[in-house]
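J.: My structure is below; once you've seen it, I'll send some questions.
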Protein chains: 2
Amino acid sequence: MRVGLDVGGTKTDAVAVDAAGDVVARVRLATGYGPDEVVRTVAAAVDELCASGSIPRSAIRSVGIGIPGQVEPGSGLVAHAVNLGVDRLDLRAAAGDRLGVPIGVENDVKAAALGAYTLHGADGAMAYLNVGTGVAAGIVTDGLLLRGARGTAGEVGHISVDPHGPVCRCGQRGCIEAFAGGGAVTERWARPGALPVRDVFDAADAGDPQALRLRAGIALGIASAVRVLVLTADVDAVVLGGGLTALGDRLIDGVRAELATSAEASPFLRSLRLGERVQLLPSGSPAAALGAALIGAAAETEEALTHG
Amino acid sequence: MRVGLDVGGTKTDAVAVDAAGDVVARVRLATGYGPDEVVRTVAAAVDELCASGSIPRSAIRSVGIGIPGQVEPGSGLVAHAVNLGVDRLDLRAAAGDRLGVPIGVENDVKAAALGAYTLHGADGAMAYLNVGTGVAAGIVTDGLLLRGARGTAGEVGHISVDPHGPVCRCGQRGCIEAFAGGGAVTERWARPGALPVRDVFDAADAGDPQALRLRAGIALGIASAVRVLVLTADVDAVVLGGGLTALGDRLIDGVRAELATSAEASPFLRSLRLGERVQLLPSGSPAAALGAALIGAAAETEEALTHG
């Protein structure tokens, strides 16, 4: 049995995956804040999974963890997991001490990319584009995550697509994330409300000019990311996930309309049929936790190869 | 002995590479126009190489060909090689009939990427960015060309980085190629001269306002491509080649200045040290022909695996 955890800023999603690759148990629990609490959450998630699925601890061969921060390639070192209150943590070592099984750790978007690739039944190349507070992608080719040289693979959120666009929290102007990131949109909307991006869409439907501009910017940002991913990595499909995708068709219809506009202007873009290649991850999909389980399984194989 | 040919719009560069990977002979000849003449050029290049290097024909195990057109992945089918007057040609079959050895065919930019990777002594991930009439890149990871799903990997030239930028021949506005492609710059400069892009740089040095704008656009376009390649595929280095790189430091200094400006605004970009990661392919480098030789060698291995 493989366990996969998606440790999010507020909730942790945990799955147990059997040898056939099927999810046989799933639990969600609140994520603690700070390094110690994150490690405690990981251990608690495994306990709850075992209890809920009647899984003996001895059946767990590996645990994989997806986490919203930088993960040093080939290590379990997490850095700058700001939303979790973690500046630096050797999560592989800390979780391994608690759980006594091989641990794999990966950035949550990259883990979700691997899970989405598997759920999608994809072959060839696919990108998972996470549109949440920030915007980032994971690219999977022939079942392998593109990790790149220095950990910036898939950081399309900080590509500028308009030198006169809004200032991004990274300092540049017109970044994809400055247009489409939930954090940036919320900041520019600057009105109270529990679901500010949904409020923007509602206000745009009612004709509010600022909301119309922001909504158009979200579509432009996501469509730009789709174009970048296809024209650089030549992925077959771009699967959208993350908080903003709770808007469902209201989100993707706008993205497709923006892709259609650029295709109208350009026979070359038209030939790429981008509108057909972008899709939504189904709501409630366990992609990120499933991907983490795959990362954990790979970590076990690696450990076996290294230590015999 | 492996032969590699870079079939360009006006000239063909041919190299013979020994088992150690060293270039032992090199010739250049004029490229013929149209399918029959292209095939004849290929055969003539092999003849001239053999004569110039005293290489017996029987020593040639494979011939690889880089060509400025679309090459259907895994085949030798060339399409839309506009500058060669070739609309559609099974170059693998036609050249194989003439030469009687396994033939590999690849898009010239992708072949050059593979050659640059080898010459560069790179490991990890590298991009080769060709800045000639058009702008396109080849991405090599761990020695393997990123081919993608539908042949658009590395087509960064048609990513728009300014919705109000110049109209591109592809129909979009503000494409990287519309800013930095030699064809687009020549068209907008619209003054007579044998080396229009050099004229633009000279006129910019003399303070001509249109030339200053065009020169800044070239730097912006190339710097944008570097940012896209690093932030999507996370390549360690971006090596520039193609016609415009004959401008040497005059070109790359402008690119580095543009990268420095964006790094000043953004700590995140600053941390990527992009200015240090962009470099020029040395003038006269046989990268494209060498890469073609590697493509040919791979084709021989493939044929052996398929046919025993």
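Throughout, read-outs are computed from the coordinates displayed, never taken from laboratory work. None of these values were measured; they are calculated from a predicted model. Positions of Cβ are generated from backbone atoms using ideal geometry, with glycine treated the same way; all protein chains shown enter the neighbour counts.
J.: Quick one: Cα centre-to-centre distance for segment B:137-160 and segment B:59-99, in angstrom?
T.: 19
J.: Only four residue types carry charge here, +1 at the Cβ of Lys and Arg and -1 at the Cβ of Asp and Glu. Report the dipole size of chain A about the Cα centre in Debye, rounded to the nearest 20. Present the calculation step by step, with values, prior to reporting the outcome.
T.: On the way: 26 positive and 34 negative charges, 80 e Å.
Here chain A has a charge dipole of around 380 debye.
J.: Still on this model: State to the nearest 20 debye the size of the charge dipole of segment A:122-280 about its Cα centre, where the only charges are +1 on K and R beta carbons and -1 on D and E beta carbons.
T.: Here the size comes out at about 340 debye.
J.: What average count of beta carbons from other chains do you get within 10 Å of the Cβ of residues in B:254-260? Don't jump to the answer; show the numbers that get you there.
T.: Details: counts 0, 0, 0, 0, 0, 0, 0.
Across the residues of B:254-260, the mean count of other-chain Cβ atoms within 10 Å is 0.
J.: What does the copy distance list look like for A:GLY121, label position 7 Å along Cα→Cβ, in nm and ordered from shortest?
T.: 5.0
J.: Quick one: what Rg and Dmax do you get for the protein assembly as shown from the alpha carbons, in Å?
T.: Rg, Dmax (Cα atoms, Å): 25.8, 80.
J.: Once the other residues with Cβ under 14 Å from the Cβ of B:LYS11 are scored (Lys, Arg +1; Asp, Glu -1), what is the net sum? Working shown, then result.
T.: Details: positive: B:ARG26, B:ARG28; negative: B:ASP6, B:ASP13, B:GLU37, B:GLU48, B:ASP108.
So the environment of B:LYS11 carries a net charge of -3.
J.: B:ARG40 versus A:TYR33, label points 7 Å from Cα toward the beta carbon: distance in nm?
T.: With each label point 7 Å from Cα toward Cβ, the separation is 7.8 nm.
J.: Also, quick follow-up: Give the lysines whose C-alpha is closer than 30 Å to that of B:LYS11, dropping any in the same chain fewer than 8 places away, or say none.
T.: B:LYS110
J.: State the answer as a single residue: which of B:LEU240, A:VAL197, B:PRO73 lies farthest towards the positive end of the charge dipole of the protein assembly as shown, with beta carbon charges of +1 for Lys and Arg and -1 for Asp and Glu, about the Cα centre.
T.: Value computed over the given set: A:VAL197.
J.: Can you give the charge dipole size of the protein assembly as shown about its Cα centre, rounded to the nearest 20 debye, using +1 on the beta carbon of Lys and Arg and -1 on the beta carbon of Asp and Glu?
T.: 760
J.: Where Rh is the Kirkwood radius over the Cα pairs of chain B, the temperature 10 °C and the viscosity 1.306 mPa s, what D in µm²/s does Stokes-Einstein return?
T.: 80
J.: Moving on to the next point. Equivalent-ellipsoid semi-axes (√(5λ), Cα gyration tensor) for segment B:100-191, whole Å, largest first?
T.: Output for segment B:100-191: semi-axes of 28, 14, 13 Å.
J.: What relative contact order, as a whole-number percentage, does segment B:121-279 give when Cα pairs under 8 Å and 6 or more residues apart are counted?
T.: Contact order relative to length: 23 percent.
J.: Also: Which residues in segment B:10-26 place their backbone N less than 16 Å from a point set 7 Å from the Cα of B:SER58 along the Cα-to-Cβ direction?
T.: From segment B:10-26, the list is empty.
J.: Find the eigenvalues of the gyration tensor of the Cα atoms of segment A:122-280, then list the square roots of 5 times those eigenvalues as equivalent ellipsoid semi-axes, largest first, in whole angstrom.
T.: Equivalent ellipsoid of segment A:122-280: 25, 18, 15 Å, largest first.
J.: Another question, then. Name the most mobile residue of B:VAL167, B:VAL185, B:VAL131, meaning the one with the largest mean-square fluctuation, in a Gaussian network model of chain B with Cα contacts below 10 Å.
T.: Taking springs between Cα atoms under 10 Å, the residue moving most is B:VAL167.
J.: Can you compute the FRET efficiency between B:ASP90 and B:ASP47 using 1/(1 + (r/R0)^6), with r the Cβ-Cβ distance and R0 = 30 Å? Round to the nearest 0.05. Spell out each step's value before the answer.
T.: Details: r = 22 Å, r/R0 = 0.72.
Given R0 = 30 Å and the Cβ-Cβ separation, E is 0.90.
J.: Under 14 Å from the 7 Å Cα→Cβ point of B:GLU187, by amide nitrogen: which residues of segment A:245-276?
T.: In segment A:245-276, the label zone of B:GLU187 (backbone N under 14 Å from the point 7 Å along Cα→Cβ) covers A:266-268.
J.: Mean residue ellipticity at 222 nm from the helices of chain B, using -39,500 (n - 2.57) per DSSP H segment of n ≥ 4 over the full residue count, to the nearest 500 deg cm²/dmol? Could the numbers behind the result be given before it?
T.: Values: 11 runs with 136 residues, N = 308.
Roughly -14000 deg cm²/dmol at 222 nm, from the helical runs in chain B.
J.: How many nanometers, to one decimal and shortest first, lie between the label point of B:LEU29 and those of its other copies, if labels sit 7 Å from Cα toward Cβ?
T.: Output for B:LEU29: 7.4 nm, nearest copy listed first.
J.: Across peptide A:219-228, how many C-beta atoms of other chains are within 10 Å of each residue C-beta, on average?
T.: Neighbouring Cβ atoms belonging to other protein chains average 2 per residue here.
J.: Tell me which of A:LEU305, A:SER62, A:SER224 sits at the most positive position along the dipole axis of the protein assembly as shown, charges placed on C-beta atoms (Lys, Arg +1; Asp, Glu -1).
T.: Farthest towards the positive pole: A:SER224.
J.: Can you work out the FRET efficiency for the pair B:VAL82 and B:ALA265, with r the C-beta to C-beta distance and R0 = 45 Å, to the nearest 0.05?
T.: Values: r = 39 Å, r/R0 = 0.87.
Efficiency at R0 = 45 Å is approximately 0.70.
J.: Another question about this same structure. Sequence gap at least 6, Cα distance under 8 Å: using those rules, report the relative contact order of segment B:185-308 to the nearest whole percent.
T.: Computed over segment B:185-308, the figure is 20 percent.
J.: In chain A, what residue has the beta-carbon at the shortest distance from the axis of the rotation relating A to B, and what is that distance in angstrom, rounded to the whole number?
T.: Reported as residue, whole Å: A:THR232, 2.
J.: Something else about it: Residues with amide H under 5 Å of A:ALA136's amide H, sequence separation 5 or more or different chain, H placed in the peptide plane at 1.01 Å from N; which?
T.: A:ASN130
J.: Additional query: Can you work out the Karplus-derived ³J(HN,Hα) for every residue in segment A:48-57? Use 6.51 cos²θ - 1.76 cosθ + 1.60 with θ = phi - 60°, whole Hz, and x for glycine or proline.
T.: Using θ = phi - 60°, the values come out as 5, 4, 4, 5, 6, x, 6, 9, x, 3 Hz.
J.: Using alpha carbons only, how many angstrom separate the centre of segment B:161-182 from the centre of segment A:247-291?
T.: Rounded to whole Å, the Cα centres lie 23 Å apart.
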